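The values are calculated or read from the model by the stated rules, or taken from the named source; none is laboratory data. Note that the structure is predicted; figures quoted are calculated from it, not measured. Reconstructed Cβ throughout: ideal geometry from the backbone, glycine too, with neighbour counts over all protein chains shown. Calculation scope for accessible area: heavy atoms of the full protein, side chains included, ligands and nucleic acids excluded. Shrake-Rupley method; radii C 1.70, N 1.55, O 1.52, S 1.80 Å.
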Amino acid sequence: MDSNTQLLVFGIILFILVCGLVYFIYSFISKDETLKGLTEEHKKLLRSFNDLDEQARLIVRTDLELTKAREEMDKRLNALNALQRSSRQISQALNENEIFQKLTSNLFEDLGFSRALIATRGEDNQLKIRLNVSYKQLRIDSILKEFEAEEFFKSSFNFYSSNNTPTKIRERIIQIFEAEFFILSPVLTQTGSVGFVFVGNRYNASMVTQGDEELITILAGQIGQSIENARLFEKVFRSTQELELKVAERTKQLAAALDQVNQVSKKKSEFISAVSHELRTPLTSIKGYAAILIAGKIGELPVAVKERLAKINTHSDNLVGLINNLLDIARIESGRHEMKFGLYKVKSVVENVADLLTPQVTAKGVKLQISVPENIDEIYIDTSQAERVFINLLSNATKFTPAQGTITIAAAPTVENGFVTFSVSDTGIGIPEDDLKKLFSEFFRVDNEINQNVKGTGLGLVLAKNIVQAHHGRMWVESKVGVGTTFFFTLPVSVVAFDNTTIEKINAP
């Protein structure tokens, strides 16, 4: 092979080698870039895996916390329900013993405590155990003794096993009550602390939470409020009993006094009746002799003597009228006056009275009006006695009403409770307010110019009111000085209304 050929072959081989080297270099560079890309991807995958692992751990922690929170929430709800039931029950208690009978160990188990003590002070100011959960009697006696010895227990502060309570006090409470985790809350009333509520757990229990503290504080407050309510109820109950005893005693005294008054009234009526009867006999003789002398049956008398005998006769008639009124009042008050009841037409009764007194009214120049509704037909009365009421009131109205005045006899348009209300009104001088209360008193007469010039007994209105009350009705008066006076009285419309009316209604104002 010649040299040219060799060079050509050498060149070709060299070219092939160069191309191979270039390809190798290119391949190496390409693989290096791929390796770098793979490394980056690996790093990205590793970061993603770490993120997923962290998220998984976070999810697990969150799930555990949620589970714990749900359990705590369920526990809190159960505790709140138990506290609500107990609060409702103790708030209805009427005495202190009943309050603590409604508090049971189950409540404190629901609240999450294995130990509980409730103590309050009685009237002797000594602490008394009201509820005990898991404490022996010997230990209770020791607790009360040590509790009384510590001044800080007498405050109104809550003590907890948390860091809020000073270390010395916390250690002292743990020592006294033998509970590492605790809540000690005072029972407060308006007068101050009256006891305490203690709840706690031993060393192997969970710590007390803020929610536990709030629940026990609420319970202690509810107990304090219930104690105050029970004591207030007891005080009111005792006061009521004392008041009832006083009322009973006073009622007994009043009954005895009323009995004495009735006896005095009866004796007064009997005395008036006896005296009146005794007076009628000499008055009858006086009138008889005066009539004989006036008639001249034993000889003619001088005119002056006849005038004086006429005055004797007139005054005797006045005395007879006074005695008759006294007898009637005494008989009616004692129930010995025989009343003859029956149904009578209202218009007939009123018109008869008006016809009887019309001359007297007309002579004084006074106008008489009658107003009786058509629907008021009959009344159940003793007609003679009822007419005396109308006559008495109409006579008084005529006496105190000046000329050109008006007197009105009226009946109410409606019947109420079986009674019709009548009224006799005038436009006279009126009655002072201070005298209205005395108007129906025996022998009382209003001090005015007319009464000073016209004689009277002061028994007419008393008799009229007694007659109305004998009909189971009532009488009252309204008046204004210078305007006029109206007397009201009620009478039954039937025997049913008469029989169904009680004495209390009769005596009502």
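Tabulated results
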quantity	calculated
Residue satisfying condition, being closer than 15 Å to Gly224 by Cβ and open to solvent by 50 Å² or more (accessible area, probe 1.4 Å), within set Ser156, Ser185, Ser114	Ser156
Boolean, Leu107 is touching a residue at least 24 places away in the same chain (Cβ under 8 Å), in contact with a strand residue (DSSP E or B) (Cβ under 9 Å, 6 or more places away or on another chain), open to solvent by less than 30 Å² (accessible area, probe 1.4 Å) and under 22 Å from Asn78 (Cα atoms)	yes
Condition check for Arg76: at pLDDT 80 or above and surrounded by 12 or more Cβ atoms within 10 Å (Cβ to Cβ)	no
Conditions (1) surrounded by fewer than 14 Cβ atoms within 10 Å (Cβ to Cβ); (2) in contact (Cβ under 8 Å) with a residue 12 or more places away in the chain; (3) not aromatic (Phe, Trp, Tyr): number failed by Val133	(1)
Output for the range 334-356, where each listed residue is in a helix (DSSP H, G or I) and either at pLDDT 85 or above or outside the structural domain of Leu393 (by TED's automatic domain parsing) (or both)	Ser334, Val346, Lys347, Ser348, Val349, Val350, Glu351, Asn352, Val353, Ala354, Asp355
Matching residues, the range 136-146, being exposed (fewer than 15 other Cβ atoms within 10 Å of the Cβ) and β-branched (Val, Ile, Thr)	Ile140
Output for the range 376-427, where each listed residue is open to solvent by less than 30 Å² (accessible area, probe 1.4 Å), in contact with a Ser or Thr (Cβ under 8 Å, 6 or more places away or on another chain), outside any strand (DSSP E or B) and closer than 18 Å to Gly460 by Cα	Ala397, Thr401
Lone unmet requirement of (1) of a type in the set (A, V, I, L, M, F, W, C); (2) closer than 18 Å to Thr217 by Cβ; (3) loosely packed, with under 13 Cβ neighbours inside 10 Å for Ala149	(2)
Within the range 483-509, tally of residues that are at pLDDT 85 or above, surrounded by fewer than 17 Cβ atoms within 10 Å (Cβ to Cβ) and not hydrophobic (A, V, I, L, M, F, W, C)	1
Count - residues of the range 118-129 that are open to solvent by 50 Å² or more (accessible area, probe 1.4 Å) and either at pLDDT below 80 or among the charged types (D, E, K, R) (or both)	3
Candidate set from the range 130-139 (those that are modelled with pLDDT under 85 and out of contact with any Asp or Glu (no Cβ under 8 Å at 6 or more places or on another chain)); member that is farthest from Asp74 (Cα to Cα)	Leu138
Residue within the range 197-206 that is aromatic (Phe, Trp, Tyr), within 33 Å of the chain's Cα centre (by Cα) and at pLDDT 85 or above present	no
Of residues in the range 428-459 being part of a loop (DSSP other than H, G, I, E, B), modelled with pLDDT under 65 and among the hydrophobic types (A, V, I, L, M, F, W, C), the one most open to solvent (accessible area, probe 1.4 Å)	Phe443
Test: residue in the range 83-102 that is more than 32 Å from the chain's Cα centre (by Cα) and either of a type outside the set (Asp, Glu) or more than 21 Å from Glu178 (Cα to Cα) (or both)	no
Subset of the range 381-404 [over 49 Å from the mean Cα position of the chain (by Cα) and among the small types (Gly, Ala, Ser)]	Ser384, Ser395, Ala403
